[in-house]
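Notes follow the structure.
The values are calculated or read from the model by the stated rules, or taken from the named source; none is laboratory data. All values derive from a computational prediction rather than experimental measurement. Positions of Cβ are generated from backbone atoms using ideal geometry, with glycine treated the same way; all protein chains shown enter the neighbour counts. Accessible surface areas use protein heavy atoms only, side chains included; no ligands, DNA or RNA. Shrake-Rupley method; radii C 1.70, N 1.55, O 1.52, S 1.80 Å.
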Amino acid sequence: MPNQLIVNEKLNNFKKKIIVSGDKSISIRWVLFSSLAEGVSKAKNLLISEDVLAAIEAVKKLGIKVILNKKECKIFGKGIDGYKYKKNLKIDAQNSGTLGRLILGLLVNSSNPITLVGDKSLSKRDFKRVSEPLSKFGAQFKLRNKSFLPLKIYGTSKLKPIKYFEKRGSAQCKSSIIFAAMRTDGTTKIKAKKSRNHTELLCKHLKLPIRIKKNKNFDEIEIKKVKKIHTLNYDIPSDISSSAFFIVLTALSKNSELVIRNVNINPSRIGIITILKKMGVKIIFKNRKIYKGEEKADLKILSAKDIKSINCPTKLNSGAIDEFLVIFLVAAKAKGVSYFKDLGELNQKESPRLKWAAKILKNLGIKTIATNNSIKIYGNPNLNLNFNKKIVIKNYMKDHRVFMTSLVAALSFGGKWILHDKDSINTSFPNFLKIIEDLKK
Ligand code: S3P
(Lines give C-alpha, C1' and ligand atoms only; values in the text may rest on other atoms or scores of the structure.)
Protein backbone atom coordinates (compact mmCIF):
# COMPACT_ATOMS: atom_id res chain seq x y z
CA MET A 1 0.00 0.00 0.00
CA PRO A 2 1.92 3.07 -1.18
CA ASN A 3 -0.04 5.53 0.96
CA GLN A 4 0.52 3.59 4.19
CA LEU A 5 3.36 3.79 6.65
CA ILE A 6 4.26 0.87 8.89
CA VAL A 7 6.23 1.80 12.00
CA ASN A 8 7.69 -0.90 14.19
CA GLU A 9 10.65 0.74 15.94
CA LYS A 10 11.48 3.28 18.60
CA LEU A 11 13.72 6.26 18.12
CA ASN A 12 16.27 6.95 20.86
CA ASN A 13 19.78 8.36 21.25
CA PHE A 14 19.72 11.15 18.71
CA LYS A 15 21.58 14.43 18.97
CA LYS A 16 20.76 16.63 16.00
CA LYS A 17 20.12 20.11 14.69
CA ILE A 18 17.16 20.46 12.35
CA ILE A 19 15.22 23.10 10.46
CA VAL A 20 11.49 22.66 10.03
CA SER A 21 9.38 24.34 7.31
CA GLY A 22 8.00 27.87 7.32
CA ASP A 23 5.10 28.93 9.52
CA LYS A 24 1.73 28.10 7.94
CA SER A 25 -0.26 30.93 9.53
CA ILE A 26 2.29 33.55 8.48
CA SER A 27 2.71 32.02 4.99
CA ILE A 28 -1.02 32.22 4.22
CA ARG A 29 -1.26 35.73 5.62
CA TRP A 30 1.78 36.82 3.59
CA VAL A 31 0.07 35.57 0.41
CA LEU A 32 -3.15 37.46 1.20
CA PHE A 33 -1.53 40.75 2.27
CA SER A 34 0.88 40.69 -0.68
CA SER A 35 -2.01 40.15 -3.08
CA LEU A 36 -3.36 43.56 -1.95
CA ALA A 37 -0.05 45.41 -1.94
CA GLU A 38 1.02 47.91 -4.57
CA GLY A 39 3.92 46.19 -6.34
CA VAL A 40 6.01 43.06 -6.03
CA SER A 41 6.39 41.34 -2.64
CA LYS A 42 8.91 38.55 -2.09
CA ALA A 43 8.97 35.74 0.48
CA LYS A 44 11.77 33.39 1.43
CA ASN A 45 11.13 30.13 3.26
CA LEU A 46 7.43 30.29 2.40
CA LEU A 47 5.83 27.00 3.44
CA ILE A 48 5.27 25.01 0.27
CA SER A 49 2.37 22.84 1.37
CA GLU A 50 -1.11 22.21 0.01
CA ASP A 51 -2.75 24.84 2.26
CA VAL A 52 -0.39 27.58 1.10
CA LEU A 53 -0.56 26.47 -2.54
CA ALA A 54 -4.36 26.72 -2.24
CA ALA A 55 -3.91 30.32 -1.04
CA ILE A 56 -1.69 31.07 -4.05
CA GLU A 57 -4.25 29.51 -6.41
CA ALA A 58 -7.00 31.59 -4.78
CA VAL A 59 -5.24 34.93 -5.32
CA LYS A 60 -4.33 33.88 -8.88
CA LYS A 61 -8.05 33.36 -9.53
CA LEU A 62 -8.58 36.90 -8.26
CA GLY A 63 -6.29 38.13 -11.03
CA ILE A 64 -2.99 38.35 -9.15
CA LYS A 65 0.22 37.11 -10.75
CA VAL A 66 2.42 34.79 -8.65
CA ILE A 67 5.82 33.32 -9.47
CA LEU A 68 6.96 30.50 -7.22
CA ASN A 69 10.32 28.78 -7.39
CA LYS A 70 12.53 26.94 -4.89
CA LYS A 71 14.33 30.09 -3.79
CA GLU A 72 11.45 32.50 -3.36
CA CYS A 73 7.86 33.41 -4.08
CA LYS A 74 6.94 36.69 -5.78
CA ILE A 75 3.44 38.17 -5.71
CA PHE A 76 2.59 41.00 -8.07
CA GLY A 77 -0.03 42.93 -6.05
CA LYS A 78 -2.27 45.40 -7.82
CA GLY A 79 -3.32 47.43 -4.81
CA ILE A 80 -6.09 47.15 -2.26
CA ASP A 81 -8.81 47.21 -4.97
CA GLY A 82 -6.80 45.27 -7.53
CA TYR A 83 -8.72 41.96 -7.63
CA LYS A 84 -10.20 41.26 -11.09
CA TYR A 85 -12.02 38.07 -11.90
CA LYS A 86 -14.60 36.42 -14.13
CA LYS A 87 -18.26 35.98 -13.27
CA ASN A 88 -19.18 32.71 -11.52
CA LEU A 89 -15.80 32.56 -9.81
CA LYS A 90 -15.18 29.54 -7.63
CA ILE A 91 -12.41 29.53 -5.03
CA ASP A 92 -11.27 26.22 -3.52
CA ALA A 93 -9.88 26.51 0.01
CA GLN A 94 -9.18 22.74 -0.08
CA ASN A 95 -8.32 21.66 3.51
CA SER A 96 -7.52 25.12 4.86
CA GLY A 97 -9.81 26.73 7.43
CA THR A 98 -7.42 29.67 7.63
CA LEU A 99 -7.60 30.37 3.91
CA GLY A 100 -11.37 29.78 3.67
CA ARG A 101 -12.22 32.03 6.59
CA LEU A 102 -9.67 34.80 6.02
CA ILE A 103 -10.32 35.23 2.32
CA LEU A 104 -14.05 35.76 2.91
CA GLY A 105 -13.14 38.96 4.75
CA LEU A 106 -11.40 40.23 1.63
CA LEU A 107 -14.38 39.39 -0.60
CA VAL A 108 -17.07 41.37 1.25
CA ASN A 109 -16.99 44.08 -1.42
CA SER A 110 -16.89 41.79 -4.49
CA SER A 111 -19.14 42.99 -7.29
CA ASN A 112 -20.13 39.48 -8.43
CA PRO A 113 -21.07 36.52 -6.28
CA ILE A 114 -18.20 34.14 -5.52
CA THR A 115 -18.51 30.48 -4.54
CA LEU A 116 -16.22 29.06 -1.86
CA VAL A 117 -15.69 25.31 -1.72
CA GLY A 118 -13.41 23.03 0.28
CA ASP A 119 -12.49 19.36 0.65
CA LYS A 120 -14.49 16.80 2.62
CA SER A 121 -12.98 17.82 5.95
CA LEU A 122 -13.39 21.59 5.44
CA SER A 123 -16.97 21.03 4.25
CA LYS A 124 -17.81 19.62 7.70
CA ARG A 125 -16.47 22.69 9.51
CA ASP A 126 -18.50 25.66 10.69
CA PHE A 127 -18.48 28.73 8.42
CA LYS A 128 -21.39 30.48 10.12
CA ARG A 129 -18.84 31.71 12.65
CA VAL A 130 -17.51 34.05 9.93
CA SER A 131 -20.53 34.52 7.63
CA GLU A 132 -22.62 35.84 10.54
CA PRO A 133 -20.31 38.72 11.56
CA LEU A 134 -19.34 39.41 7.92
CA SER A 135 -23.01 39.81 6.97
CA LYS A 136 -23.23 42.65 9.53
CA PHE A 137 -20.88 44.62 7.22
CA GLY A 138 -23.56 44.26 4.51
CA ALA A 139 -22.32 41.24 2.51
CA GLN A 140 -24.77 38.39 2.04
CA PHE A 141 -24.21 34.66 2.24
CA LYS A 142 -25.84 31.44 1.19
CA LEU A 143 -24.40 28.44 3.02
CA ARG A 144 -25.21 24.74 2.76
CA ASN A 145 -27.53 23.96 5.69
CA LYS A 146 -26.95 27.55 6.93
CA SER A 147 -23.47 26.69 8.27
CA PHE A 148 -21.30 24.84 5.78
CA LEU A 149 -19.41 24.96 2.49
CA PRO A 150 -20.05 25.24 -0.35
CA LEU A 151 -21.13 28.82 0.25
CA LYS A 152 -21.80 31.81 -1.95
CA ILE A 153 -20.81 35.32 -0.93
CA TYR A 154 -22.60 38.35 -2.41
CA GLY A 155 -20.43 41.40 -1.75
CA THR A 156 -21.53 45.03 -1.61
CA SER A 157 -19.94 48.43 -2.19
CA LYS A 158 -22.00 49.83 0.71
CA LEU A 159 -20.12 48.32 3.62
CA LYS A 160 -20.82 49.52 7.16
CA PRO A 161 -18.34 49.19 10.06
CA ILE A 162 -19.32 46.80 12.84
CA LYS A 163 -18.78 46.02 16.51
CA TYR A 164 -17.79 42.39 16.98
CA PHE A 165 -17.16 40.29 20.06
CA GLU A 166 -14.98 37.24 19.29
CA LYS A 167 -15.54 34.87 22.22
CA ARG A 168 -13.98 31.61 21.04
CA GLY A 169 -10.33 32.67 20.91
CA SER A 170 -10.34 32.04 17.16
CA ALA A 171 -7.68 33.90 15.19
CA GLN A 172 -9.40 32.90 11.96
CA CYS A 173 -12.64 34.66 12.96
CA LYS A 174 -10.76 37.72 14.27
CA SER A 175 -8.60 37.97 11.14
CA SER A 176 -11.54 37.60 8.78
CA ILE A 177 -13.21 40.60 10.45
CA ILE A 178 -9.96 42.63 10.37
CA PHE A 179 -9.74 42.00 6.60
CA ALA A 180 -13.34 43.09 6.03
CA ALA A 181 -12.75 46.19 8.20
CA MET A 182 -9.78 47.10 5.97
CA ARG A 183 -12.30 47.52 3.14
CA THR A 184 -14.89 49.47 5.13
CA ASP A 185 -15.28 53.24 5.68
CA GLY A 186 -15.38 54.15 9.36
CA THR A 187 -14.00 52.34 12.39
CA THR A 188 -14.67 48.67 13.09
CA LYS A 189 -14.32 47.72 16.74
CA ILE A 190 -13.39 44.21 17.77
CA LYS A 191 -13.20 42.76 21.26
CA ALA A 192 -11.39 39.46 20.89
CA LYS A 193 -10.48 36.68 23.29
CA LYS A 194 -6.71 36.17 23.11
CA SER A 195 -5.55 34.19 20.06
CA ARG A 196 -2.60 34.22 17.68
CA ASN A 197 -1.98 37.79 16.55
CA HIS A 198 -0.03 37.47 13.27
CA THR A 199 -2.65 39.48 11.36
CA GLU A 200 -2.45 42.39 13.80
CA LEU A 201 1.38 42.31 13.76
CA LEU A 202 1.41 42.42 9.95
CA CYS A 203 -1.06 45.33 9.98
CA LYS A 204 1.23 47.18 12.40
CA HIS A 205 4.35 46.37 10.41
CA LEU A 206 2.65 47.65 7.25
CA LYS A 207 1.57 50.79 9.15
CA LEU A 208 -2.12 50.17 8.46
CA PRO A 209 -4.67 52.15 10.53
CA ILE A 210 -5.05 49.66 13.41
CA ARG A 211 -5.06 50.29 17.16
CA ILE A 212 -4.78 47.55 19.71
CA LYS A 213 -5.36 47.74 23.44
CA LYS A 214 -4.27 44.63 25.26
CA ASN A 215 -6.25 43.61 28.31
CA LYS A 216 -5.73 40.52 30.46
CA ASN A 217 -8.04 38.13 28.60
CA PHE A 218 -9.29 40.18 25.66
CA ASP A 219 -7.78 42.55 23.14
CA GLU A 220 -9.64 45.61 21.89
CA ILE A 221 -8.88 46.27 18.24
CA GLU A 222 -9.94 49.25 16.16
CA ILE A 223 -9.36 49.24 12.45
CA LYS A 224 -10.16 51.74 9.72
CA LYS A 225 -10.39 51.54 5.95
CA VAL A 226 -7.01 50.90 4.31
CA LYS A 227 -6.03 52.99 1.30
CA LYS A 228 -2.70 51.50 0.41
CA ILE A 229 -0.57 48.50 1.36
CA HIS A 230 3.18 48.66 0.78
CA THR A 231 4.99 45.64 -0.60
CA LEU A 232 6.02 43.07 1.97
CA ASN A 233 9.32 41.21 1.74
CA TYR A 234 9.34 38.48 4.34
CA ASP A 235 11.77 35.79 5.48
CA ILE A 236 9.31 33.39 7.07
CA PRO A 237 10.45 31.73 10.32
CA SER A 238 9.85 28.03 11.05
CA ASP A 239 6.53 26.83 12.37
CA ILE A 240 6.21 26.09 16.10
CA SER A 241 3.27 23.78 15.31
CA SER A 242 5.44 21.66 13.02
CA SER A 243 8.29 21.85 15.55
CA ALA A 244 5.89 20.53 18.21
CA PHE A 245 6.13 16.95 16.87
CA PHE A 246 9.92 17.00 17.24
CA ILE A 247 9.82 18.74 20.62
CA VAL A 248 7.63 15.94 21.98
CA LEU A 249 9.56 13.18 20.20
CA THR A 250 12.78 14.41 21.83
CA ALA A 251 11.18 14.79 25.27
CA LEU A 252 9.86 11.20 25.08
CA SER A 253 13.02 9.59 23.62
CA LYS A 254 15.94 8.37 25.71
CA ASN A 255 19.36 10.12 25.68
CA SER A 256 18.34 12.62 23.04
CA GLU A 257 18.91 16.28 22.38
CA LEU A 258 17.56 18.41 19.57
CA VAL A 259 18.07 21.96 18.34
CA ILE A 260 15.38 23.38 16.05
CA ARG A 261 16.61 26.51 14.34
CA ASN A 262 14.86 29.81 13.68
CA VAL A 263 11.41 29.03 15.08
CA ASN A 264 8.65 31.62 15.45
CA ILE A 265 8.05 32.04 19.21
CA ASN A 266 5.28 34.61 19.09
CA PRO A 267 3.95 34.65 22.70
CA SER A 268 0.45 33.85 21.38
CA ARG A 269 1.78 30.57 19.90
CA ILE A 270 4.01 29.08 22.60
CA GLY A 271 1.39 27.48 24.85
CA ILE A 272 3.10 24.13 24.19
CA ILE A 273 6.38 25.40 25.63
CA THR A 274 4.72 26.72 28.81
CA ILE A 275 2.71 23.51 29.25
CA LEU A 276 5.64 21.14 28.66
CA LYS A 277 7.93 23.16 30.93
CA LYS A 278 5.32 22.88 33.70
CA MET A 279 5.39 19.11 33.09
CA GLY A 280 9.16 19.03 33.59
CA VAL A 281 10.44 19.05 30.00
CA LYS A 282 13.65 21.06 29.45
CA ILE A 283 13.29 23.52 26.56
CA ILE A 284 15.69 26.42 26.13
CA PHE A 285 15.39 29.43 23.79
CA LYS A 286 18.66 30.59 22.22
CA ASN A 287 19.49 33.47 19.83
CA ARG A 288 16.21 35.28 20.46
CA LYS A 289 15.47 37.94 17.86
CA ILE A 290 12.65 40.25 16.84
CA TYR A 291 11.69 40.12 13.18
CA LYS A 292 8.97 42.40 11.74
CA GLY A 293 7.24 42.46 15.13
CA GLU A 294 7.41 38.64 15.52
CA GLU A 295 9.81 36.86 17.90
CA LYS A 296 11.99 33.98 16.84
CA ALA A 297 14.67 31.76 18.43
CA ASP A 298 16.50 28.46 18.22
CA LEU A 299 14.92 25.85 20.49
CA LYS A 300 16.95 23.29 22.41
CA ILE A 301 15.04 20.30 23.78
CA LEU A 302 16.33 17.51 26.04
CA SER A 303 14.95 14.04 26.84
CA ALA A 304 12.66 14.28 29.85
CA LYS A 305 13.36 12.13 32.91
CA ASP A 306 10.45 12.60 35.30
CA ILE A 307 7.33 13.91 33.61
CA LYS A 308 4.78 15.55 35.89
CA SER A 309 1.03 15.54 35.29
CA ILE A 310 -0.72 18.87 34.74
CA ASN A 311 -4.07 20.48 35.43
CA CYS A 312 -3.75 22.66 32.36
CA PRO A 313 -4.83 26.30 32.89
CA THR A 314 -7.47 27.17 30.25
CA LYS A 315 -5.72 30.47 29.53
CA LEU A 316 -3.05 28.40 27.75
CA ASN A 317 -5.58 26.73 25.39
CA SER A 318 -5.58 29.16 22.49
CA GLY A 319 -1.76 29.40 22.39
CA ALA A 320 -1.49 25.60 22.09
CA ILE A 321 -4.65 24.85 20.13
CA ASP A 322 -2.91 22.96 17.30
CA GLU A 323 -0.51 21.15 19.62
CA PHE A 324 -2.81 19.37 22.09
CA LEU A 325 -2.69 16.01 20.31
CA VAL A 326 1.08 15.74 20.85
CA ILE A 327 0.89 17.35 24.29
CA PHE A 328 -1.48 14.50 25.27
CA LEU A 329 1.30 12.01 24.43
CA VAL A 330 3.49 13.67 27.06
CA ALA A 331 0.59 13.42 29.54
CA ALA A 332 0.38 9.69 28.67
CA LYS A 333 3.88 9.24 30.11
CA ALA A 334 3.42 11.54 33.11
CA LYS A 335 3.22 10.43 36.72
CA GLY A 336 -0.39 11.07 37.73
CA VAL A 337 -3.58 12.28 36.11
CA SER A 338 -3.54 15.26 33.73
CA TYR A 339 -6.63 17.33 33.04
CA PHE A 340 -7.31 19.51 29.99
CA LYS A 341 -10.60 21.38 29.84
CA ASP A 342 -12.66 23.93 27.88
CA LEU A 343 -11.33 22.40 24.68
CA GLY A 344 -14.53 22.00 22.63
CA GLU A 345 -12.78 23.86 19.78
CA LEU A 346 -10.54 20.80 19.26
CA ASN A 347 -13.51 18.95 17.81
CA GLN A 348 -13.95 21.79 15.26
CA LYS A 349 -10.60 21.19 13.57
CA GLU A 350 -9.66 19.15 10.46
CA SER A 351 -11.02 16.10 12.35
CA PRO A 352 -12.72 15.87 15.77
CA ARG A 353 -9.36 15.89 17.52
CA LEU A 354 -10.50 15.38 21.10
CA LYS A 355 -12.16 12.15 19.96
CA TRP A 356 -9.05 11.10 18.06
CA ALA A 357 -6.88 11.85 21.09
CA ALA A 358 -8.98 9.46 23.20
CA LYS A 359 -8.73 6.78 20.48
CA ILE A 360 -4.95 7.05 20.15
CA LEU A 361 -4.47 7.02 23.93
CA LYS A 362 -6.76 3.98 24.25
CA ASN A 363 -4.61 2.20 21.68
CA LEU A 364 -1.63 2.98 23.89
CA GLY A 365 -3.41 1.34 26.82
CA ILE A 366 -3.87 4.67 28.60
CA LYS A 367 -7.07 5.29 30.54
CA THR A 368 -8.88 8.53 29.65
CA ILE A 369 -12.14 10.16 30.63
CA ALA A 370 -13.22 12.38 27.75
CA THR A 371 -16.25 14.66 27.41
CA ASN A 372 -17.22 16.97 24.54
CA ASN A 373 -14.77 19.56 25.78
CA SER A 374 -12.33 17.97 28.20
CA ILE A 375 -10.05 15.01 28.73
CA LYS A 376 -8.48 13.40 31.79
CA ILE A 377 -5.40 11.34 31.03
CA TYR A 378 -4.16 8.72 33.49
CA GLY A 379 -0.43 8.75 32.78
CA ASN A 380 1.92 5.76 32.95
CA PRO A 381 5.63 6.65 33.38
CA ASN A 382 6.57 3.10 32.25
CA LEU A 383 4.51 3.20 29.07
CA ASN A 384 6.08 0.75 26.65
CA LEU A 385 4.24 -1.33 24.04
CA ASN A 386 5.16 -4.76 22.84
CA PHE A 387 6.32 -4.61 19.19
CA ASN A 388 3.68 -7.25 18.35
CA LYS A 389 0.83 -4.97 19.39
CA LYS A 390 -0.89 -3.90 16.19
CA ILE A 391 -2.45 -0.44 15.98
CA VAL A 392 -4.20 0.78 12.83
CA ILE A 393 -4.90 4.49 12.29
CA LYS A 394 -7.33 5.15 9.44
CA ASN A 395 -10.46 7.11 8.43
CA TYR A 396 -9.33 10.20 10.32
CA MET A 397 -10.38 12.71 7.61
CA LYS A 398 -6.74 12.82 6.53
CA ASP A 399 -6.03 15.15 9.43
CA HIS A 400 -2.29 15.85 9.12
CA ARG A 401 -1.88 16.33 12.85
CA VAL A 402 -3.50 12.96 13.66
CA PHE A 403 -1.03 11.25 11.33
CA MET A 404 2.04 13.03 12.70
CA THR A 405 0.96 12.53 16.34
CA SER A 406 0.47 8.80 15.69
CA LEU A 407 3.95 8.52 14.24
CA VAL A 408 5.46 10.28 17.26
CA ALA A 409 3.52 7.89 19.53
CA ALA A 410 4.85 4.89 17.57
CA LEU A 411 8.46 6.05 17.71
CA SER A 412 8.21 6.94 21.41
CA PHE A 413 6.24 4.03 22.88
CA GLY A 414 6.70 1.08 20.49
CA GLY A 415 4.02 -1.19 18.97
CA LYS A 416 3.35 -2.07 15.35
CA TRP A 417 1.54 0.89 13.83
CA ILE A 418 -0.12 0.88 10.42
CA LEU A 419 -0.75 4.48 9.51
CA HIS A 420 -3.04 5.13 6.54
CA ASP A 421 -3.04 8.25 4.34
CA LYS A 422 0.56 9.31 4.83
CA ASP A 423 0.06 11.99 2.15
CA SER A 424 -2.03 13.88 4.76
CA ILE A 425 1.24 15.56 5.84
CA ASN A 426 1.21 17.53 2.58
CA THR A 427 -1.33 20.01 3.94
CA SER A 428 1.10 21.49 6.47
CA PHE A 429 4.45 19.71 6.55
CA PRO A 430 5.53 17.78 3.43
CA ASN A 431 9.09 17.51 4.83
CA PHE A 432 8.02 15.76 8.02
CA LEU A 433 8.99 12.18 7.10
CA LYS A 434 12.31 13.27 5.64
CA ILE A 435 13.29 14.93 8.93
CA ILE A 436 12.25 11.77 10.83
CA GLU A 437 14.57 9.77 8.55
CA ASP A 438 17.40 12.27 9.19
CA LEU A 439 17.03 11.73 12.94
CA LYS A 440 17.60 7.98 12.43
CA LYS A 441 20.94 8.47 10.65
C1 S3P B 1 -5.09 29.56 12.63
C2 S3P B 1 -5.93 29.65 13.72
C3 S3P B 1 -6.38 28.47 14.50
C4 S3P B 1 -5.55 27.24 14.20
C5 S3P B 1 -5.29 27.06 12.72
C6 S3P B 1 -4.55 28.27 12.17
C7 S3P B 1 -4.69 30.79 11.93
O8 S3P B 1 -7.73 28.20 14.17
O9 S3P B 1 -6.17 26.08 14.71
O10 S3P B 1 -4.53 25.89 12.48
O11 S3P B 1 -3.73 30.77 11.15
O12 S3P B 1 -5.34 31.82 12.16
P13 S3P B 1 -8.95 28.93 14.93
O14 S3P B 1 -8.89 30.36 14.62
O15 S3P B 1 -10.20 28.30 14.38
O16 S3P B 1 -8.77 28.62 16.39
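Roughly speaking, what is the stretch gain from LYS163 to LYS286, that is 0.36 nm per residue apart minus the C-alpha to C-alpha distance, in nm to one decimal? Mind showing how you got there, number by number?
Working: separation 123, 0.36 × 123 = 44.28 nm, distance 4.09 nm.
Gain in length upon complete extension: 40.2 nm.
Subtracting the Cα-Cα distance from 0.36 nm times the residue separation, let me have the gained length for LYS227 to ASP81 in nm, one decimal. Before the final figure, lay out each step's value.
Details: separation 146, 0.36 × 146 = 52.56 nm, distance 0.90 nm.
Between LYS227 and ASP81, full extension yields 51.7 nm more.
Going by Cα centres, segment 205-242 and segment 104-182 are how many Å apart?
When both Cα centres are located, 20 Å separates them.
Divide by every residue of the chain the summed helix terms, -39500 (n - 2.57) for each DSSP H run of at least 4, and state the resulting mean residue ellipticity at 222 nm, rounded to the nearest 500 deg cm²/dmol.
-8500 deg cm²/dmol
Using per-residue counts of other Cβ atoms within 10 Å, averaged over each peptide, order 266-274, 65-73 from highest down.
Final packing ranking: 266-274, 65-73.
Measuring from label point to label point, each 7 Å out along Cα→Cβ, what is the SER111 to THR371 span in nm?
5.3 nm
Using a 1.4 angstrom probe, figure out how much accessible area segment 24-226 has per residue, in square angstrom, rounded to the nearest whole. Can you show the working numbers first?
Values: 8830 Å² over 203 residues.
Value for segment 24-226: 44 Å² per residue.
Could you work out the relative contact order of the chain, using alpha carbon pairs under 8 angstrom and six or more residues apart, expressed as a whole percent?
18 percent
Straight-line reach only, C-alpha to C-alpha below 18 angstrom: list the lysines that LYS416 could link to, leaving out same-chain residues fewer than 8 apart.
Leaving aside lysines fewer than 8 places away in the same chain, those within reach of LYS416 are LYS10, LYS359, LYS362, LYS389, LYS390, LYS394, LYS440.
For a quick protection proxy, order the peptides 154-164, 202-212 by their average other-Cβ count within 10 Å, most packed first.
202-212, 154-164
Placing +1 on the Cβ of each Lys and Arg and -1 on the Cβ of each Asp and Glu in the chain, which of LEU232, LEU106, GLY186 has its Cα farthest towards the positive end of the resulting dipole?
Looking along the dipole axis, the top candidate is GLY186.
Roughly how big is the chain's charge dipole about its Cα centre, with Cβ charges of +1 (Lys, Arg) and -1 (Asp, Glu), in debye to the nearest 20?
Magnitude of the dipole: close to 660 debye.
Could you work out what % of the accessible surface of the chain is carbon and sulfur, using a 1.4 angstrom probe and leaving DNA, RNA and ligands out of the count?
48 percent
Rounded to the nearest 5, what % of DSSP beta bridges with both residues in segment 24-226 are antiparallel?
Roughly 80 percent of the DSSP beta bridges within segment 24-226 come out antiparallel.
Measuring from a point 7 Å past the Cα of ASP235 along Cα-to-C-beta, which residues in segment 53-86 have an amide N at less than 19 Å?
Zone members listed by number: 69-75.
What is segment 198-257 by shape, rounded, prolate or oblate, if you read a ≥ b ≥ c off the alpha carbon gyration tensor as root eigenvalues and call it rounded for a/c under 1.5, prolate for a/b larger than b/c, and oblate otherwise? Spell out each step's value before the answer.
Values: a/c = 5.61, a/b = 2.06, b/c = 2.72.
Verdict is oblate for segment 198-257.
Which distance in nm do the two modelled labels at HIS205 and LEU433 give, with both placed 7 Å along the Cα-to-Cβ direction?
Distance between label points: 3.3 nm.
Just want to confirm a number: the relative contact order over segment 165-245, from Cα pairs under 8 angstrom separated by 6+ residues, in percent.
Across segment 165-245, relative contact order equals 31 percent.
Can you give the FRET efficiency to the nearest 0.05 for LYS90 and LYS394, using r as the Cβ-Cβ distance and R₀ = 45 Å?
Details: r = 31 Å, r/R0 = 0.68.
Efficiency at R0 = 45 Å is approximately 0.90.
When you count, for each residue, the other Cβ atoms within 10 Å and take the mean per peptide, how do 398-407, 315-324 rank with the highest first?
In descending order of packing, they fall as 398-407, 315-324.
Could you give the length gained on full extension between GLU220 and LEU68, defined as 0.36 nm per residue of separation minus the Cα-Cα distance, in nm?
Details: separation 152, 0.36 × 152 = 54.72 nm, distance 3.68 nm.
This chain segment gains 51.0 nm when fully extended.
Cα gyration tensor of segment 331-379, axes a ≥ b ≥ c as square roots of the eigenvalues: rounded (a/c below 1.5), prolate (a/b > b/c) or oblate?
oblate
Would segment 318-441 count as rounded, prolate or oblate if I go by the C-alpha gyration tensor, calling it rounded below 1.5 in a/c and otherwise prolate when a/b exceeds b/c, oblate otherwise?
Oblate is the answer for segment 318-441, as a/c is 1.5 or above yet b/c matches or exceeds a/b.
Suppose a student asked you for the relative contact order of segment 24-226, using Cα pairs under 8 Å spaced at least 6 residues apart; what percent would you report?
16 percent
Which of the pairs LYS87/LYS214; LYS124/LYS194; LYS254/LYS292; LYS61/LYS158; LYS42/LYS227 have their Cα atoms more than 30 Å apart in this structure?
Violating the 30 Å limit, Cα to Cα: LYS87/LYS214; LYS254/LYS292.
Ordering ARG144, ARG353, ARG196 from largest to smallest accessible area (1.4 angstrom probe), what's the sequence?
Most to least solvent-accessible, the answer reads ARG144, ARG196, ARG353.
Near LYS335, which aspartates and glutamates are there with a Cα under 17 Å away, not counting those fewer than 8 places off in the same chain?
Straight-distance partners of LYS335: ASP306.
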